[in-house]
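Peer 1: What follows is a single structure, and I will ask about it in a moment.
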Amino acid sequence: MNGAAKGAVIGGVFLAMMGGAGYGVYALVGDAGGDDAKSTGAAAPAAPAKGTGPVSDKEAAETAKAFFAAWSAGDAAKGAELTNNPGGARDALGDFTTAALVSKVAITPGAQTGTTVAYSVAAEVTYQGVTKPLAYESKLSVVRGNTTGLPLVDWDPAVLHPQLQKGERLRGGPPPSPPVKAVDRNGKELTAEKYPSLRKVLDDLRQKYGEKLGGTGGAELWIEPATPGAPRRNLLTLVEGTPGKIQTVLDADVQEAAEKAVLRFPQASVVAVQPSTGDVLAIADHRSDGFPASVSGGRAPGSTMKIVTAAMLLDRGLVSADKVAECPPEVSWEGRRFTNLKGFKLDDETFATSFAQSCNTAFIKQIKPVGDIGALPKEAREVFGIGAEWKVGVPTVDGKVPEATGPAAAAAYIGQGEIQMNPLTMASITATARTGVFRQPVVVKASLDGRALAKASRSMKPAVAAQLVRMMKLTASSGTARAAMSAVGGSDKGAKTGSAEVDGAQNPDSWFTGFSGDVAAAAMVEGGGHGGDAAGPIVAAVLNAG
């Protein structure tokens, strides 16, 4: 069961709680929907009377009692009428005894704070003669009905179970797909309990490969997500299934480091890739919305995109790492002014230094000599595999570098405008820069199901790859990535920082990507500011673990 003690399954707790303390224990005895509902010591409370003004503590207690009695008796209609959302509550309460297979339930009221009442639920879930206990704690609040004037339970799915969110449902029985036992590249088991960021990855693997691996489903109680494709959350295993074993290319040690690293900042995501193989070593997110931005997000990557732009400029012979590149404080293109951070400039410095110091104007000044609005998308697609359909083994969003005109074309050179990336695609770009060859990232080997991997139409020229790696190393040793990369051991390391302005956001997104040996990683922190400040330490921690 998921983390919180409130949702813990406690063996034998049903009988123990039937004699619990409090101001009433409401129990359903027998089959769900039966007519032998009982209350210890008194008849079921009557519905509260209509009133005016704020709900009193007494009204809240009486309303909660009546609701608990109806819920315990399996009377979904009566319980729903005691809430301010009868339709939603009726369906959910009905599901509790039918779709969720609850055969017995006891509800023990707990402490009351004003109009909020805590309570404990001890239930039994039965499937084909097998019964398992389920226990958890939750709370409800009582409000005044806008039109009726009655005190009513303020309906929320969490009233039924604390882990339920809007649009989610409790479901029991055989799961849609058999379980899988996922292991890392070294045979270590990967579980959502130990590696929470992998919950959706593991669920996706289960849905896609469970039956192919010969697993049997058994029976479970789970939370059905509101969003199609989102991971199911198992609450209770009723009948053990036989999991099929699936080997991933993830690395448990790197994954553990990634899980800890993203906890440093809210809205943080990171991915690590092995440049020599394309194997994804770690995927981690720390977000309030639970969205897997690491592999499914799409936001402007800021100056980390200069890796692709630099490769394109080097490939066309317009710049060279050792040749001087003009870096004025500002430059204009088709009516839009572009500036460097705090208006800095470089005098008589090389293109490598402009790259290391993240000089925007040095890049944008090259758009006119390039003379081809399709040059950057072409480089991204043909060399870095961006725009091809990646088949990673789990669903991903694989980056977008569209053709653009006017100021948007210039903005694209520095990772703004219409470009969309996520940590997976940026880690892959860095891995490609590291080796000069695009290898499509994978979570499970293509040999598992014979799927065709995306390929780039050409490799990077050796001279271009050598200069690109040298510039990234310079960025790590004396450029904008120096502070973050100083924590990474060894000398074979390179990086690129980025910050991306987002419309309506108070602070720019923080981006950072780097490599150390045969590990490449990229991180993003929404609203994190400068790339080296937030995303940088996350990448450094992951690289050290690799």
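Peer 1: Just to confirm the number: angle between the C-alpha axis of helix 199-209 and the first principal axis of the chain, 0 to 90 degrees, nearest 10?
Peer 2: In the chain, helix 199-209 runs at an angle near 90 degrees to the longest axis.
Peer 1: Based on the Cα gyration tensor of region 147-210, what are the three equivalent ellipsoid semi-axes, each the root of five times an eigenvalue, rounded to whole Å and given largest first?
Peer 2: 37, 14, 8
Peer 1: Compute the acute angle (0 to 90°) between the alpha-carbon long axis of helix 57-72 and the principal axis of greatest extent of the alpha-carbon atoms of the chain; round to the nearest 10°.
Peer 2: The angle comes out near 90 degrees.
Peer 1: Measure off 7 Å from each Cα along the Cα-to-Cβ vector at Gln128 and Thr242, then give the distance between these two points in nanometres to one decimal.
Peer 2: Those two pseudo-labels are separated by 1.4 nm.
Peer 1: So, one more: Under a 5 Å amide H to amide H cut-off, with H placed in plane at 1.01 Å, what residues pair with Trp333 once short-range neighbours are removed?
Peer 2: Close amide H contacts, sequence-distant or interchain: Phe338.
Peer 1: In a shell of Cβ-Cβ distance under 12 Å around Arg185, excluding Arg185 itself, what net charge do Lys and Arg (+1) and Asp and Glu (-1) give?
Peer 2: Residues near Arg185 contribute -2 overall.
Peer 1: How would you rank Thr277, Thr83, Thr350, going from fewest to most other Cβ atoms within 10 Å of each one's own Cβ?
Peer 2: Ranking Thr277, Thr83, Thr350 by Cβ neighbours within 10 Å, fewest first, gives Thr277, Thr350, Thr83.
Peer 1: If you don't mind, there's one more thing I want to ask. Need the full-extension length gain, Ser457 to Thr98, defined as separation in residues times 0.36 nm minus the C-alpha distance. One decimal, nm.
Peer 2: 123.7 nm
Peer 1: Going down the list Lys166/Lys188; Lys212/Lys461; Lys245/Lys473; Lys400/Lys473; Lys78/Lys166; Lys166/Lys212, which pairs span over 30 Å between their C-alpha atoms?
Peer 2: In this structure, Lys166/Lys188; Lys212/Lys461; Lys245/Lys473; Lys166/Lys212 lie more than 30 Å apart at Cα.
Peer 1: Quick one: net charge around Ser478, please, counting Lys, Arg +1 and Asp, Glu -1 for every other residue with C-beta under 15 Å from its C-beta.
Peer 2: With Lys, Arg at +1 and Asp, Glu at -1, the neighbours total +4.
Peer 1: Multiply the residue gap between Ile373 and Ala77 by 0.36 nm, knock off their C-alpha separation, and tell me the result in nm, one decimal place.
Peer 2: 100.2 nm is the gain from fully extending Ile373 to Ala77.
Peer 1: May I ask you to order 66-78, 421-433 by the average number of other C-beta atoms within 10 Å around their residues, highest value first?
Peer 2: 421-433, 66-78
Peer 1: Still on this model: Karplus couplings for region 266-281 from phi (6.51 cos²θ - 1.76 cosθ + 1.60, θ = phi - 60°), rounded to Hz, Gly and Pro as x?
Peer 2: Ordered by residue, 3J(HN,Hα) equals x, 6, 10, 9, 8, 9, 10, 10, 8, x, 6, 10, x, 4, 7, 8 Hz.
Peer 1: Can you put Cys327, Cys359 in order, fewest other beta carbons within 10 Å first?
Peer 2: By the 10 Å Cβ count, ascending: Cys327, Cys359.
Peer 1: With each run of n ≥ 4 DSSP H residues scored as -39500 (n - 2.57), what mean residue ellipticity at 222 nm is computed for the chain after dividing by its residue count and rounding to the nearest 500 deg cm²/dmol?
Peer 2: Here the helix-only value at 222 nm equals -8000 deg cm²/dmol.
Peer 1: If packing is taken as the mean number of other Cβ atoms within 10 Å per residue, what is the order of 125-131, 469-475, highest first?
Peer 2: 469-475, 125-131
Peer 1: How far is helix 252-262 tilted off the main Cα axis of the chain, in degrees rounded to 10, range 0 to 90?
Peer 2: The answer is roughly 90 degrees.
Peer 1: Additional query: At what distance in nm do the modelled label points of Thr113 and Lys345 sit from each other, each positioned 7 Å from its Cα along Cα→Cβ?
Peer 2: Spacing of the two 7 Å Cα→Cβ label points: 6.0 nm.
Peer 1: Once phi is turned into θ = phi - 60°, what whole-Hz ³J(HN,Hα) does the Karplus curve with 6.51, -1.76 and 1.60 give for every residue of region 134-150, x standing for Gly and Pro?
Peer 2: After applying 6.51 cos²θ - 1.76 cosθ + 1.60, I find 9, 9, 6, 10, 8, 7, 9, 10, 10, 10, 7, x, 4, 9, 8, x, 7 Hz.
Peer 1: Per q in 0.10, 0.13, 0.14 Å⁻¹, report the Debye log10 I(q)/I(0) for region 253-545, using one uniform scatterer on each alpha carbon and no solvent.
Peer 2: Here the Debye-derived log intensity ratios amount to -0.45, -0.79, -0.92.
Peer 1: Provide Rg over Rh for region 388-470; use the alpha carbon set for both Rg and the Kirkwood Rh (inverse mean inverse pair distance).
Peer 2: In region 388-470, Rg relative to Rh is 1.01.
Peer 1: Taking Rh as the Kirkwood radius computed over C-alpha pairs, what is the Stokes-Einstein D of the chain at 4 °C in a medium of viscosity 1.567 mPa s, expressed in µm² per second?
Peer 2: Translational diffusion coefficient: 50 µm²/s.
No value in this document is a laboratory result; all are computed from the given coordinates. Treat the numbers as computed from the prediction; the structure is a model and nothing was measured. Note that we place each Cβ from the backbone using ideal geometry, even for glycine, and neighbour counts take in every protein chain shown.
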